[in-house]
1. State yes or no: is Gly311 crowded, with 24+ Cβ neighbours inside 10 Å, out of contact with any Ser or Thr (no Cβ under 8 Å at 6 or more places or on another chain), modelled with pLDDT of 95 or more and part of a strand (DSSP E or B)?
2. Of the residues that sit in the stretch 262-300 and are among the charged types (D, E, K, R) and in a helix (DSSP H, G or I), which one is surrounded by the fewest Cβ atoms within 10 Å (Cβ to Cβ)?
3. Being surrounded by fewer than 20 Cβ atoms within 10 Å (Cβ to Cβ) and in a loop (DSSP other than H, G, I, E, B) is the filter here; which residues of the stretch 111-142 pass it?
4. So in the stretch 90-101, with the set limited to residues that are buried (at least 23 other Cβ atoms within 10 Å of the Cβ) and of a type outside the set (Gly, Ala, Ser), which one is farthest from Arg229 (Cα to Cα)?
5. Any residue at all in the stretch 293-300 that is acidic (Asp, Glu) and under 15 Å from the mean Cα position of the chain (by Cα)?
6. Just one of the numbered conditions (1) within 15 Å of the chain's Cα centre (by Cα); (2) assigned to a loop (DSSP other than H, G, I, E, B); (3) hydrophobic (A, V, I, L, M, F, W, C) is not true of Phe205; which one?
7. Quick one: in the stretch 12-32, of everything that is of a type in the set (A, V, I, L, M, F, W, C) and surrounded by fewer than 20 Cβ atoms within 10 Å (Cβ to Cβ), which residue is nearest to Arg139 (Cα to Cα)?
8. Could you list, ordered by first residue, the pairs with Cβ atoms under 6 Å in which the first is in the stretch 78-90 and touching a residue at least 24 places away in the same chain (Cβ under 8 Å) and the second is assigned to a helix (DSSP H, G or I), at least 6 apart or interchain?
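The values are calculated or read from the model by the stated rules, or taken from the named source; none is laboratory data. Keep in mind the model is a prediction, meaning the values are calculated, not measured. Here the Cβ positions follow ideal geometry from the backbone for every residue, glycine too, while neighbour counts run over all protein chains shown.
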Amino acid sequence: MARLVAAFGSSHSPMLAAQAADWNGGFLSRDRARAHVDLDGNPCRYDDLVAAAPADAVARIAPELLAQRHAEVQASIARLADDIATARLDALIVVGDDQEELFDHSNMPAIGIYYGETIRNAGQASIAGDDWMARARRRYLEPAESAERPCHPALARHLIGALQQDGFDVSVMRTVPEGKFEGHAYSYVHRFCMANAVVPIVPVFLNAYYAPNQPTPARCFALGEALARAVAAFPADTRVGIMASGGLSHFVVDEAFDRALLDALRRKDAAFFRTAPLAKLQSGSSEIRNWICVAGAAGELDVAWASYVPGYRTPALTGTGLAFASMR
């Protein structure tokens, strides 16, 4: 029988692909232009955040601190890649969100599973420009031409059937349409976390980002529990892992909630995840749903290690809560 032997979580922010120098002012124009929500989930603008920022906000983005944090997250990515390799997985279920990459608003499923033999990642030539952001985005893609990455269709088909029996209506996809590619939630895993071992994946899509059909926290946790049950019922002798790709809080860093989530992961606090407030799951922080799903699947797995860097990058304390976790 199959066994769920490991679980992982990782942010996939462009901050991870950017150079340390790019953290120092590189994101400022982007964060000034975008709409934000504050820590209570209320819409606001960049200037509102600056006005409400604590007195030590500028000190939190001192160049030496940015360099230290950049080094720390790179070390965490490398450690995660080592753990994925040493787990000797036959398949890795990757729970991520799609941001108009494979899906669009003509069809945006709440929950989806890809069950093809392979999934296509784009080549770097598809990203034009030579500014720092273009260079960072290219790091998610294949070095030359687009490439087909291996999937595990037998496990994917089994998960689809098991979830249907468990009361989940799941959208499915077997091929990638011409001109489309796997989204950044999955290409990040391939390009950053599989440097030491290529593992066939089962892409699971959660519509974390777009109203009106985002799964509730309770539904995300229940989905994780159902995935774990389905893996246990897979008849082949298969070592399976599951991974959350995305999060934590962004584009305003909510350090207190991010740390509380990691603490809940260590405690196996199901109630925390099931009742996570929707106000904390707005904007980019919506990707925390992927972690909630994996928390439901992880069951009795223990957190071997977790790391967290509050990725502040502007005087408004915008940025990303950069988190990594390994469970076994």
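1. Answer is no for this residue.
2. This residue is Arg267.
3. Residues satisfying the conditions are Gly116, Glu117, Ile127, Ala128, Gly129, Asp130, Asp131, Arg139.
4. By that ranking, first place goes to Asp98.
5. Within the stretch 293-300, not a single residue is acidic (Asp, Glu) and under 15 Å from the mean Cα position of the chain (by Cα).
6. That leaves (2) as the condition not met.
7. Ala20
8. none
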